[in-house]
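The values are calculated or read from the model by the stated rules, or taken from the named source; none is laboratory data. Quantities reported herein were computed from a predicted structural model and do not represent experimental measurements. Note that we place each Cβ from the backbone using ideal geometry, even for glycine, and neighbour counts take in every protein chain shown. Accessible surface is based on the protein model in full, side chains and every heavy atom, while ligands, DNA and RNA are left aside. Shrake-Rupley method; radii C 1.70, N 1.55, O 1.52, S 1.80 Å.
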Amino acid sequence: MARKDGSGHGLSGGTGPARCYDGDVISTANLAWAADLRTVFLDRDGILNEKMPEHRYVTRWEEFRVLPGVSEALRRLNEAGLRVVVVSNQRGIAKGLYTAADLEAMHAQFQRLLGREGARIDAFFICPHETDECNCRKPLTGLFEQAVARFHEITAATSVMIGDSPSDVEFGRRVGMKTILVDARDGRAGAELADLRFASLAEAVDALLAAR
Ligand SMILES: [Mg+2]
Ligand SMILES: [Zn+2]
């Protein structure tokens, strides 16, 4: 609704003080679009739970370490009436390290934990494939299309993607969503393409809700 910048989405950081990472003061002017927000797309590893070292995967619940502040951040999104959707590449399934059923069981455990904290995730959308064999491995947009098929009200203009990797930002940009990069290491390729950057999900949620 507020977005009329079809060609320029994602580039607001280049024209204004939209660098919120490392404790810079957040200007709500940069977040005017948050007033229209209805759906928050979240990456999983590195946003909700600790990311494993390179080339390792979270294969079972015992390895699923929820990051600090996540339950509360999700509960605040829930209470604000925002839909919370997880979109996650899980190539470990294609590699045979765990099954789709294992993953579902892990997510059920996670939901139980969240439930005890008064929080919930509305849906998980997973790419279980290897690279170059599907249309749903981020940054490809298949998981967004799956989410729209489930929740017909979802639109890119009323959604934001929050992730910790440039491929999350690229996914959001391809769809036409606003994008937030969390826990970005300096100098990471593509990091400057995100609309906003924060140190954690909790800080991103604070800013989004304060702007509504
Ligand atoms: Mg991640
Ligand atoms: Zn896929």
Taking all protein chains in place and a 1.4 Å probe, what share, in percent, of the accessible surface of the range 74-212 do carbon and sulfur account for? 47 percent
Sorted on mean Cβ neighbours within 10 Å (highest first), peptides 46-55, 72-81, 101-110, 193-202 come out as 193-202, 72-81, 101-110, 46-55
Compute the separation of the alpha-carbon centres of the range 66-120 and the range 158-182 and state it in Å as a whole number. 18 Å
Could you give the accessible area per residue of the range 37-210, probe 1.4 Å, as a whole number in Å²? 43 Å²
Starting from a Cα-only point model with no solvent, please compute log10 I(q)/I(0) by Debye for the range 56-212 at q = 0.16, 0.18 1/Å. -1.01, -1.31
Rounded to the nearest 10 Å², the accessible area of ILE126 at probe 1.4 Å: 40 Å²
Accessible-area order for VAL86, VAL66, largest to smallest, probe 1.4 angstrom, reads VAL66, VAL86
